[in-house]
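Student: Quick one: the structure is below, questions incoming.
Computed from the coordinates by the stated procedures, all read-outs in this text should not be read as laboratory data. Please read these numbers as outputs of a predicted model, since none were measured by experiment. Note that each Cβ is placed from the backbone with ideal geometry, even for glycine, and that neighbours are counted across all protein chains shown.
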There are 2 protein chains.
Amino acid sequence: MSLVSASPPHTPQVVGILGGMGPAAGADFVRLFVQACTKRMEVLGIPVRDQAYPEHWLAQVPIPDRTAALNDTRPGAHQPADPMLQATGRLAALGARVVAIACNTAHAWHGILQQRFPQMVVLHGVQEVVAELSARKVQGVGLLATRGAYDAGLYQRELERAHIACSVPDDHEREQLMQGIYEGVKAGNYPLARQRFEAVSIALQERYSVSTLIMGCTEIPLALSEHPRLEGISLVNPSVVLASALARHAYCDMPTEGMAQA
Amino acid sequence: MSLVSASPPHTPQVVGILGGMGPAAGADFVRLFVQACTKRMEVLGIPVRDQAYPEHWLAQVPIPDRTAALNDTRPGAHQPADPMLQATGRLAALGARVVAIACNTAHAWHGILQQRFPQMVVLHGVQEVVAELSARKVQGVGLLATRGAYDAGLYQRELERAHIACSVPDDHEREQLMQGIYEGVKAGNYPLARQRFEAVSIALQERYSVSTLIMGCTEIPLALSEHPRLEGISLVNPSVVLASALARHAYCDMPTEGMAQA
């Protein structure tokens, strides 16, 4: 067995992950990113070893609740923008060229982040998901999300632009999702979360006959997965899509890329 | 349902995680740290919510292979010390007061890191594991590790000091472990890794009658877990122990700590 230690002639780009929203989802995003990098290396024909992964930094910083902020427009209300900008600036200072935001609802502030850091690519997770659904010719989806994401129309706007119909839960079901997210995953009560998410998934499937559901909050896939109870429902995990996009960007300058795409 | 957004009067310390050795293990370490923080908050009576977690940064940087470096003393050979020092310095600049190294073999450079950054606590994962085994009155263990960790005596020295007998694999078995680590986990081939790790575990149990095995390389628990095939073997995951220690340090200044310990 040989332990190769020479550096490759081209190295992938440094990337950053803006997490903490919540922290378990941020940790899971790194896992998905590492998996996506492994797959990317296999596609590009790069031998998989520790030193061939892109340098990446995860910032898990306390950021005020996104849904609460979208509901509270009083001056001086706790806003996520400042700590998000600060953490993104620190990721930039660490050398990150591309950043992913490990929170769907936080994409309400994507524009501010991208505008303030024009030298970096701030990936838009919602747009990445919609692009993938378009490529798969999906025509209609159900959306599981936070109140903040529904109210801001984060997914609905992008889906409409792509002519994909979007079915959303009623008010009671949104409350169930919020319970699953806040009293469930964010408070460490996963069985409660799973029960709430499954109940709303089944309700959407029955009412709108949708077979594809977007798990549009990073907390949801931590407690919800495809299961016989959800027969006929295909779950889309935006973190998987965004992690793959981040890996693609990290390796975009690699010399073998053109060959693999040809 | 209320969305609390006020900051707590005392906030936990900022901590850093030095990862990338390998990246999958670094991601898993963050997951374990977040879990340990959730448990710590429950013990301390702190309501569990996103903003109550300690700010933490994960550095996943390319670091030359530790075992290769311990075997290669030529001047100019690729050494892990420099990138480890650089990444630790950047974690310090980000405000980290405590750092954990998510790699057992890299603890060969623990002394250099702690000496260079006296203002921070660099946790010693090996010492944390041995302290826990002592507290549990374990008298003998088997050690699964990299060649570098065996050759440097990282675990053996600390175990001897604690009067815990340490059984180690023979040369052929060490080669099997290295295959599991490098051609298995680090190359994304988990079934190969599991087969190699299980074979050596069973061999150690049969030859030395040990019932406790230290998974002394962060890659090993990614492919090895307690299983009927390993009947009677209790596996110690140093990452779990180190993540708990990091969470304990992060919350050490919290005002409720004294009450919970009393």
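Student: Hey, for B:GLU206 with labels 7 Å out along Cα-Cβ, what do the inter-copy distances come to in nm, ordered shortest first?
Tutor: 5.6
Student: How far is A:GLU42 from the same spot in each other copy, in nm, shortest first, if each label point sits 7 Å from Cα toward Cβ?
Tutor: 3.5
Student: Would you please classify the overall shape of region B:75-116 from the alpha carbon gyration tensor, given that a ≥ b ≥ c denote the square roots of the eigenvalues, rounded means a/c under 1.5, and beyond that prolate means a/b larger than b/c while oblate covers the rest?
Tutor: prolate
Student: Rounded, prolate or oblate: which one fits region A:48-150, using the alpha carbon gyration tensor with axes a ≥ b ≥ c (rounded when a/c is under 1.5, else prolate when a/b beats b/c, else oblate)?
Tutor: oblate
Student: Report the Cα-based extents of region B:126-237 along its three principal axes, largest first, to the nearest Å.
Tutor: Between the extreme Cα coordinates on each principal axis of region B:126-237 lie 36, 30, 23 Å.
Student: Please arrange B:TYR208, A:TYR53, B:TYR155 by counting, for each residue, the other beta carbons lying within 10 Å of its beta carbon, fewest first.
Tutor: The most exposed by this proxy come first: B:TYR208, B:TYR155, A:TYR53.
Student: Tell me, what is a quarter of the convex hull surface for the C-alpha atoms of region A:31-99, in nm² with one decimal?
Tutor: So the Cα hull casts an average projection of 6.2 nm².
Student: I need the inter-copy label distances for B:GLY232: point set 7 Å along Cα to C-beta, values in nm with one decimal, smallest first.
Tutor: 5.2
Student: What is chain B's relative contact order, in percent, from Cα pairs under 8 angstrom and six or more apart in sequence?
Tutor: After rounding, I find 25 percent.
Student: Select from B:VAL138, B:CYS166, B:ILE181 the residue farthest towards the positive end of the dipole of region B:137-202; place +1 on Cβ of Lys and Arg, -1 on Cβ of Asp and Glu, and compute about the Cα centre.
Tutor: Going by the Cα projections, it comes out as B:VAL138.
Student: State log₁₀ I(q)/I(0) for the protein assembly as shown at q = 0.13 Å⁻¹ as given by the Debye formula over alpha-carbon point scatterers of equal weight, solvent excluded.
Tutor: -1.34
Student: Okay, next question. Testing the spin-label approximation: label points 7 Å from Cα along Cα→Cβ at B:HIS163 and B:GLU132. State their distance in nm.
Tutor: So the two model labels end up 2.3 nm from each other.
Student: Let's test this: bin the Cα-Cα distances of chain A at 5 Å from zero up to the farthest pair and state each bin's percent.
Tutor: 1, 6, 13, 16, 18, 16, 13, 8, 5, 2, 1, 0, 0
Student: Same structure, new question: At 20 °C and 1.002 mPa s, what whole-number value in µm²/s does Stokes-Einstein give for the translational diffusion of region B:94-148, with Rh from the Kirkwood sum over Cα pairs?
Tutor: Answer, rounded: 167 µm²/s.
Student: If I build a Gaussian network model for chain B, linking alpha-carbon pairs within less than 10 angstrom, which residue out of B:THR146, B:THR73, B:THR88 has the largest mean-square fluctuation?
Tutor: Of the options given, B:THR73 has the highest mean-square fluctuation.
Student: Oh, and also: What lysines does B:LYS186 reach when the alpha-carbon gap must be under 29 Å and sequence neighbours fewer than 8 apart in one chain are set aside?
Tutor: Within the straight-line cut-off, B:LYS186 pairs with A:LYS39.
Student: Grab the residue from chain A whose Cβ hugs the A-to-B rotation axis most tightly, plus its distance in whole angstrom.
Tutor: A:LEU58, 2
Student: May I pose another question? So, counting K/R as plus one and D/E as minus one, what does the shell of residues with Cβ under 14 Å around B:ALA69 add up to?
Tutor: Combined, the nearby Lys, Arg, Asp and Glu give -2.
Student: To make sure I understand the rule: partners must be aspartates and glutamates, Cα under 17 Å from the Cα of B:LYS137, and not fewer than 8 residues away in the same chain. Which ones qualify?
Tutor: B:GLU128, B:GLU158, B:GLU160
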